[in-house]
């Protein structure tokens, strides 16, 4: 009698089940990495906005002003277009500085529940959202 070579149906099903379990574990573990990547992008965007504001200030001796709660316009020729939040595709939170053009405050809400703010004093991670133009 000849012995047939190959895999049985049970062996194939076991291998497919193992691959499925491993794939689901990998996908779950990537969720944390994606969250960290979005937060890193938010921090980088805020730093870019602060840098553009400082360059604008160097030319005009006032910071770029924007009325409203969302920074929408380009900051002179230094930052166009203004970056948007990676998960919501809306602008970052901005305090209206039209009355005080020697200050600005912009911040992003991080997914870990903290906040990352940028102002004329630099950038900083905060536990609470900034309440006014002073930022922190």
In region 76-88, is there at least one residue being in a strand (DSSP E or B) and out of contact with any helix residue (DSSP H, G or I) (no Cβ under 6 Å at 6 or more places or on another chain)?
no
Answer yes or no as to whether residue 80 is surrounded by fewer than 19 Cβ atoms within 10 Å (Cβ to Cβ) and within 19 Å of residue 40 (Cα to Cα).
no
Which pairs have Cβ atoms under 9 Å, sit 6 or more apart or on different chains, and link a residue in region 65-88 that is without any contact (Cβ under 8 Å) to a residue 24 or more places away in the chain to one that is assigned to a strand (DSSP E or B)?
72/94
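Let's see how each residue does on (1) farther than 29 Å from residue 113 by Cα; (2) surrounded by 10 or more Cβ atoms within 10 Å (Cβ to Cβ); (3) out of contact with any strand residue (DSSP E or B) (no Cβ under 9 Å at 6 or more places or on another chain):
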| residue | (1), (2), (3) |
| --- | --- |
| 7 | yes, yes, yes |
| 11 | yes, yes, yes |
| 14 | yes, yes, yes |
| 24 | no, yes, yes |
| 28 | no, no, yes |
| 34 | no, yes, yes |
| 37 | no, yes, yes |
Look at residue 48 and say whether it is modelled with pLDDT of 95 or more, under 11 Å from the mean Cα position of the chain (by Cα) and surrounded by 12 or more Cβ atoms within 10 Å (Cβ to Cβ).
no
Name the pairs whose Cβ atoms lie under 6 Å apart, with the first residue in region 30-53 and over 18 Å from residue 122 (Cβ atoms), the second at pLDDT below 90, and 6 or more positions between them or separate chains?
38/87
Selection status of residue 20, at positive phi, surrounded by fewer than 13 Cβ atoms within 10 Å (Cβ to Cβ) and out of contact with any strand residue (DSSP E or B) (no Cβ under 6 Å at 6 or more places or on another chain):
no
Among 56, 107, 64, which is buried (at least 19 other Cβ atoms within 10 Å of the Cβ) and either at pLDDT below 90 or part of a loop (DSSP other than H, G, I, E, B) (or both)?
64
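The values are calculated or read from the model by the stated rules, or taken from the named source; none is laboratory data. All values reported here derive from a predicted model rather than from experimental measurement. When we count neighbours, we look across all protein chains shown, and the Cβ atoms used for this are built from the backbone with ideal geometry, even at glycine.
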